[in-house]
Amino acid sequence: MKTVVVLQSNYIPWKGYFDLIHEADLFVFYDDLQYTKNDWRNRNRIKTLQGSEWLTIPVGGSTDRLMCDVEIKKSIWQAKHWKTIEQNYVKAPYFARYRELFRDAYVGRQWSNLSELNQYLICMISKDILNISTEFQDSRDYDLSGKKLDRLLDLVSKVGASRYISGPAAKDYIDPLCFSAVDIELVWKDYTGYPEYPQRFQPFEHGVSILDLLFNVGPDAAWYIWGWRDVGR
């Protein structure tokens, strides 16, 4: 059975995004779709003493473009984001462990495309920190036909999926019968039950960037994302 997940890339996503990656044999970035503003594509939140703070990459508000075509025209945000991350996590137990990996991403490289940045960070965190063995591909490598759900079905069929995991938000537009019609099992991801971890600033929040988990618990991050489910089995 080949388990597949298809998602647009997000900026330093929350732990649930990496939970999906871990459950898949193949994760396909689906960035040749319309860019959505006020979403997770170009922003995410971190914890600070004053509460949650947005880190937003300035890319303009136009939705008349594909996600993979979104340009980052100025690089000043990179130093600002790194400074904010460093200021709020420098005293976290495992910040020093990952400092150079992220410093290189923010200070050592220059980004001109949002999709490339997001995919780089997601793959780096998955492989180099969380030790996830999932294969990554890009939907642009396939000649797809149809629109919306038909296009997604064409993609998952072409990658050879026998099982497809989707986030619960997709229930608004995914018809399970369409998947059963092509002999692909549809599974809805359940994000409930994540255990709390030692977060520096209270009150505790689950829905923040993966950076918060990594810097606070280090090598134990995987347990807080998926390992806890094995307890008592």
Per residue accessible area of segment 1-63, 1.4 Å probe, in Å²: 38 Å²
Could you calculate the contour length gain from Glu71 to Ala181, that is, 0.36 nm times the residue separation minus the distance between their Cα atoms, to one decimal place in nm? 35.8 nm
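If you wrap the chain's Cα atoms in a convex hull and average its projection over all directions, what's the area in nm²?
Values: hull surface 53.2 nm².
Mean projected area of the Cα convex hull: 13.3 nm².
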Please state, to two decimals, what the Cα-based radius of gyration of segment 98-161 comes to when divided by 2.2 N^0.38 Å (N = residues). 1.45
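Just need the relative contact order of the chain here, percent rounded to a whole number, with Cα pairs under 8 Å and 6+ apart.
Details: 349 pairs, mean separation 68.5, N = 233.
Reported relative contact order: 29 percent.
Would you mind checking Lys2/Lys147; Lys2/Lys189; Lys15/Lys148; Lys47/Lys91 for any pair whose Cα atoms are more than 18 angstrom apart? Numbers along the way, then the final one.
Working: Lys2/Lys147 24 Å; Lys2/Lys189 16 Å; Lys15/Lys148 26 Å; Lys47/Lys91 13 Å.
Violating the 18 Å Cα-Cα cut-off are Lys2/Lys147; Lys15/Lys148.
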Cα principal axis extents for segment 1-114, largest first, Å: 42, 37, 28
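Return the carbon/sulfur percentage of the accessible area of segment 96-233, one whole number, probe 1.4 Å, all protein chains in place. Show your work: numbers first, answer last.
Numbers: 3370 of 7160 Å².
Heavy-atom surface of segment 96-233 belonging to carbon and sulfur, 1.4 Å probe: 47 percent.
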Relative to the chain, whose Cα atoms define the longest principal axis, helix 114-124 and its Cα axis are tilted in degrees, nearest 10, by 80 degrees
How far, in degrees from 0 to 90, does helix 148-158 lean away from the longest principal axis of the Cα atoms of the chain, to the nearest 10? 80 degrees
Provide the gained length on full extension for the span Met124 to Arg103, in nm with one decimal, where the gain is 0.36 nm per separating residue minus the Cα-Cα distance. 6.3 nm
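In debye, nearest 20: dipole of segment 17-156 around its Cα centre with unit charges on the Cβ of K, R (+) and D, E (-)?
Working: 20 positive and 21 negative charges, 199 e Å.
Charge dipole of segment 17-156: 960 debye, to the nearest 20.
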So, for segment 172-233, what is the accessible surface per residue at a probe of 1.4 Å, expressed in square angstrom? 53 Å²
So with the 1.4 Å probe, I'd like the accessible area per residue for segment 66-149, rounded to whole Å². 57 Å²
List the residues whose amide H sits under 5 Å from the amide H of Asn113, counting only those 5 or more places along or on another chain, with H placed 1.01 Å from N in the peptide plane. Ile72
Ratio of Rg to Rh for segment 148-232, alpha carbon only, Kirkwood? 1.10
Quick one: Karplus J couplings for segment 45-59, per residue in order, coefficients 6.51, -1.76, 1.60, θ = phi - 60°, nearest Hz, x for Gly and Pro? 10, 10, 8, 9, 4, 8, x, 6, 10, 7, 10, 10, 8, x, 10
Kirkwood-based Rg over Rh for segment 161-211 (C-alpha set), two decimals? 1.18
Provide the solvent-accessible area of Val182, counting protein heavy atoms only and rolling a 1.4 Å probe, rounded to the nearest 10 Å². 70 Å²
Label Ser112 and Gln50 with points 7 Å out from Cα along Cα→Cβ: what is the distance between them in nm? 3.4 nm
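The values are calculated or read from the model by the stated rules, or taken from the named source; none is laboratory data. Quick caveat, the model's predicted, so the values are computed rather than measured. Virtual Cβ from ideal backbone geometry, glycine too; neighbours counted across all protein chains shown. Surface areas here come from the heavy atoms of the whole protein model, side chains and all, with no ligands, DNA or RNA. Shrake-Rupley method; radii C 1.70, N 1.55, O 1.52, S 1.80 Å.
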